[in-house]
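The values are calculated or read from the model by the stated rules, or taken from the named source; none is laboratory data. Everything numeric in this text was worked out from a predicted model, so none of it was measured. In this analysis, Cβ positions are derived from the backbone assuming ideal geometry, glycine residues included, and neighbour counts consider all displayed protein chains. Surface areas here come from the heavy atoms of the whole protein model, side chains and all, with no ligands, DNA or RNA. Shrake-Rupley method; radii C 1.70, N 1.55, O 1.52, S 1.80 Å.
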Amino acid sequence: MGRGYIVEDAVEGYLSNLCEQQAAPVTGLLIGQSSAQRDFVVMATRTPQREESTSALDKEWVTEHARQVSRMLPGGLSVLGVFIITDADAKDTLTTLRQLVFAVENLISSDNLWSPADDDITDCVTLHVNPKTRKTVCRTFDVKDPKSMAKPADWKYQLGVCSSWSMVSCCLNVDMLVPLPDNRASTENMDKCLKEGLKVWTHQIESGVCLIDGKKLPDDTDLTSGQKRNVRQTYTAQLLITPDDQRLPDVVQRCGGSVSVRGAIHSRAYLHSNKPKARLAEKLLKRDVVSTVATRVQMMLEELLISEEEGKGSKDKQQTEQFCLPRRIFCPVKVSGPVCVCDYQFSDEGQSEVTDRLKEMLDMDAAEEDLDTRQETPAEILEKVVEAEPTVEAVEALEPKRNNYIGVAMATAVALLATAASMLYLNDV
């Protein structure tokens with residue numbers, strides 16, 4: 001027997017609307033959470049249309065959309081697979097769906113910095129919907145097996161799939177320093193160095209001790225044990241990193257600069273209501289910590305590389321610049337109870353730009369008053385280093401003496417001053 005998918009009934013309504021509106025084939029993503037026994041689908045979102053409309057499926061466009069969407073999903077939510085709405089025969093579309101689901105998973109997993117776990121689910125789902133008959137055909141593929149064949153799966157709609165899901169959250173201070181190459185001839189070198197630095201920091205997070213409501217729970221502890229059935233629970237977690245884990249080995253190396261990221265972040269993970277274990281809560285929360293930090297650094301790097309290309313003449317002098325990392329904003333998925341998605345807001349953006357991205361990427365009609373902006377405060381540019389510790393997260397990168405790298409400092413919303421240092425540094429509270 002294949003895997004079972006319990007699907008929020010609002011997804012059925014969403015897919016039905018797409019069947020009525022579109023004549024050409026429509027692709028999109030299925031979002032939810034996997035478990036050992038079954039998977040839960042809480043959202044579906046269509047692939048945005050390109051300006052140059054074409055009837056042919058664009059695999060790169062679909063996979064890039066999936067990458068952007070994955071950045072907007074907090075812990076416990078992930079892209080589970082893809083769907084297609086077309087009146088073509090289900091057998092004829094199977095090859096297309098297989099190519100899409102493998103391409104999507106390969107691109108998303110290439111951005112993951114954490115180590116795979118033995119209990120990770122590697123089956124991804126494909127759904128074919130005929131817009132005329134509304135017949136659905138559900139199949140799964142093991143995306144870690146290149147030779148994987150399609151397996152039938154059970155697709156059932158249900159009301160309030162995640163209405164009683166629990167949430168575990170924490171606030172983290174991030175403090176990270178990454179050396180940059182001595183001769184940064186290409187932006188790829190800088191990107192590679194930042195990724196390696198983030199991997200070292202990721203290992204520290206993975207090795208940390210996770211306390212849930214102040215206690216270190218055994219891995220197999222049922223978080224909902226003793227609680228009322230179908231009642232949503234909220235837990236507060238702490239991640240403890242020992243001093244030995246925080247220290248990097250003393251290595252002398254030639255470098256052309258460094259990046260320093262400092263500040264505080266809010267992290268959260270949602271847990272399905274089918275007897276979730278403490279081990280699952282810890283894994284999902286730690287992965288969200290890593291993901292939200294890596295996403296912000298990558299977003300800022302993309303901005304910096306664009307700025308660098310526009311002002312290459314500034315490399316001749318040593319300088320320090322400060323930039324604000326984007327803050328995390330949450331928005332509830334109204335039809336899915338307590339579950340939220342998120343977006344990242346730069347300091348020069350308004351809330352309308354956040355709602356526009358939610359509409360474009362997730363096809364959500366969110367109003368500005370729906371946004372939860374309370375979890376992280378906006379970052380500020382620090383004019384000078386002072387003794388006090390204001391509630392601001394700052395990230396800095398300074399140019400080294402060799403003048404091979406233009407210094408950059410970033411700040412992301414919450415809790416520490418950035419000190420003058422030649423590196424890009426990220427902090428979690």
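Numerical summary
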read-out: Residue in segment 129-137 that is in a loop (DSSP other than H, G, I, E, B), in contact with a Ser or Thr (Cβ under 9 Å, 6 or more places away or on another chain) and free of Cβ contacts under 8 Å to residues at least 24 places away in the same chain present; value: no
read-out: Complete set of residues in segment 88-117 that are over 20 Å from A150 (Cβ atoms) and open to solvent by 40 Å² or more (accessible area, probe 1.4 Å); value: L107, S110, D111, N112, W114, S115, P116
read-out: Some residue of segment 38-54 being open to solvent by 40 Å² or more (accessible area, probe 1.4 Å), in a helix (DSSP H, G or I) and in contact with a helix residue (DSSP H, G or I) (Cβ under 9 Å, 6 or more places away or on another chain); value: no
read-out: S207 vs. criteria open to solvent by 20 Å² or more (accessible area, probe 1.4 Å), hydroxyl-bearing (S, T, Y) and modelled with pLDDT of 90 or more; value: yes
read-out: Single match in Q49, Q99, Q21 (criterion: in the same structural domain as V143 (by the TED database) and closer than 17 Å to V129 by Cβ); value: Q21
read-out: G214 assigned by the TED database to the domain that holds L304, at pLDDT below 90, of a type outside the set (D, E) and open to solvent by 10 Å² or more (accessible area, probe 1.4 Å); value: no
read-out: Residue count for segment 2-34, restricted to those that are without any contact (Cβ under 8 Å) to a residue 60 or more places away in the chain, more than 13 Å from D87 (Cα to Cα) and open to solvent by 50 Å² or more (accessible area, probe 1.4 Å); value: 2
read-out: Residue among V261, V339, V333, V290 that alone is under 21 Å from the mean Cα position of the chain (by Cα), modelled with pLDDT under 90 and among the β-branched types (V, I, T); value: V261
read-out: Filter result for Q318 (in a loop (DSSP other than H, G, I, E, B) and either modelled with pLDDT under 80 or touching a Cys at 6+ places or on another chain (Cβ under 7 Å) (or both)); value: yes
read-out: Unique match (being in the same structural domain as V62 (by the TED database), part of a strand (DSSP E or B) and surrounded by 17 or more Cβ atoms within 10 Å (Cβ to Cβ)) among V178, V125, V174; value: V125
read-out: Failed criterion for R139 (all others in (1) more than 21 Å from R268 (Cα to Cα); (2) surrounded by fewer than 19 Cβ atoms within 10 Å (Cβ to Cβ) hold); value: (2)
read-out: Positions within segment 256-295 being of a type in the set (S, T, Y) and either open to solvent by 20 Å² or more (accessible area, probe 1.4 Å) or outside the structural domain of S207 (by the TED database) (or both), in sequence order; value: S273, S291
read-out: Matching entry among E353, E302, E309 (being at pLDDT 85 or above and open to solvent by 20 Å² or more (accessible area, probe 1.4 Å)); value: E353
